[in-house]
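One structure is given here, and the rest of the page talks about it.
The values are calculated or read from the model by the stated rules, or taken from the named source; none is laboratory data. A quick note: this is a predicted structure, and the numbers were derived from the prediction, not measured. Cβ placement follows ideal geometry from the backbone for every residue including glycine, while neighbour counts extend to all protein chains displayed. The protein model used for the area step is the full one, side chains on, heavy atoms only, and it has no ligands, DNA or RNA in it. Shrake-Rupley method; radii C 1.70, N 1.55, O 1.52, S 1.80 Å.
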Amino acid sequence: MPKRGYHHGNLRQALIDATLELIEQRGPTGFTLSEAAKRAGVTPAAVYRHFEGREDLIAEAAHQGYDIFADLMEFAYQSGQPSALKAFEATGRAYLAFARKHPGHYIAMFESGISVNRTPELAHAANRANAVLERAATDLSQHIPADKRPPASMFSAHIWAMSHGVVELFARNSPGRASPFPPDDLLETGIGIYLRGLGLVSPDE
């Protein structure tokens, strides 16, 4: 097999791509550094030119995932403008879309046990993604009377938790967790119920 990554000056990304494939197939702890190196077409010793070990590889996969995720969330937020409600709902749907399209990154980010504070770069990328949802929550919460308004960080955390729950339970083929409703519908109705409880959506919407 040709050593495509090392000899073409792209060993680092070749290893990350190999790691993402292995994460999708076996989970974040189901492969060795040697297997990632073999899939990338290099010797295990070559890996240490860029990474200290498997966790560093997974952390970089998570970092790239958060960058993609933040960009997707920002695009969703902007696509809903100037309606604060549409922008907010779009960010929720973007979460589900990201999990479907980038399962390897999603697992590295949320299921690998890698802390978002492992490196400053990873923390920054994770915070950028969270900031988009919090900004959407801040915009929408301005329509709630100040004395009844939850903190934007709590508002966004509730929707993040709901989105994550739908993905984990029903959108990633969890054994025994089949739902009679499409994940998109579950998330949309869940967000609708939440927003009605805050008085942001009328009962007939």
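For segment 112-170, calculate the relative contact order in percent as a whole number, restricting contacts to Cα pairs under 8 Å that are 6 or more residues apart.
24
Expressed as a whole percentage, what fraction of the accessible surface of the chain belongs to carbon and sulfur atoms when a 1.4 Å probe is rolled over the protein heavy atoms?
Ligands and nucleic acids excluded, carbon and sulfur reach 54 percent.
Under a 10 Å cutoff between Cα atoms, tell me which one of Ala108, Ala14, Ala76 has the largest fluctuation in the Gaussian network model of the chain.
Evaluated over the chain, the most mobile residue of the options is Ala14.
For the charge dipole of the chain, defined by +1 on Lys and Arg C-beta atoms and -1 on Asp and Glu C-beta atoms about the Cα centroid, which residue among Met162, Tyr95, Ile58 has the Cα displaced farthest towards the positive pole?
Of the candidates, Ile58 comes out farthest on the positive side.
How large is ³J(HN,Hα), in whole Hz, for each residue of segment 139-149 in order, when computed from phi with the Karplus curve 6.51 cos²θ - 1.76 cosθ + 1.60 and θ = phi - 60°, using x for Gly and Pro?
Each residue's phi maps through the Karplus curve to give 4, 6, 5, 5, 8, 9, x, 4, 6, 10, 8 Hz.
So what is the accessible area of segment 43-183 per residue, in Å², with the probe set to 1.4 Å?
Per-residue value: 50 Å².
Name the trypsin sites (Lys or Arg not before Pro) in segment 121-200 that are in a loop by DSSP and that have at most 12 other C-beta atoms within 10 Å, would you?
Working: sites: Arg128, Arg135, Lys148, Arg172, Arg177, Arg196; in loops: Arg172, Arg177.
Hits after loop and neighbour filter: Arg177.
Counting each DSSP H run of 4 or more residues in the chain as -39500 (n - 2.57), what helix-only mean residue ellipticity at 222 nm follows after dividing by all residues, to the nearest 500 deg cm²/dmol?
On the way: 10 runs with 136 residues, N = 205.
It lands at -21500 deg cm²/dmol.
Evaluate the relative contact order of the chain (contact order divided by residue number), counting alpha-carbon pairs under 8 angstrom at least 6 apart; express in whole percent.
Averaging sequence separation for qualifying contacts and normalising by length gives 18 percent for the chain.
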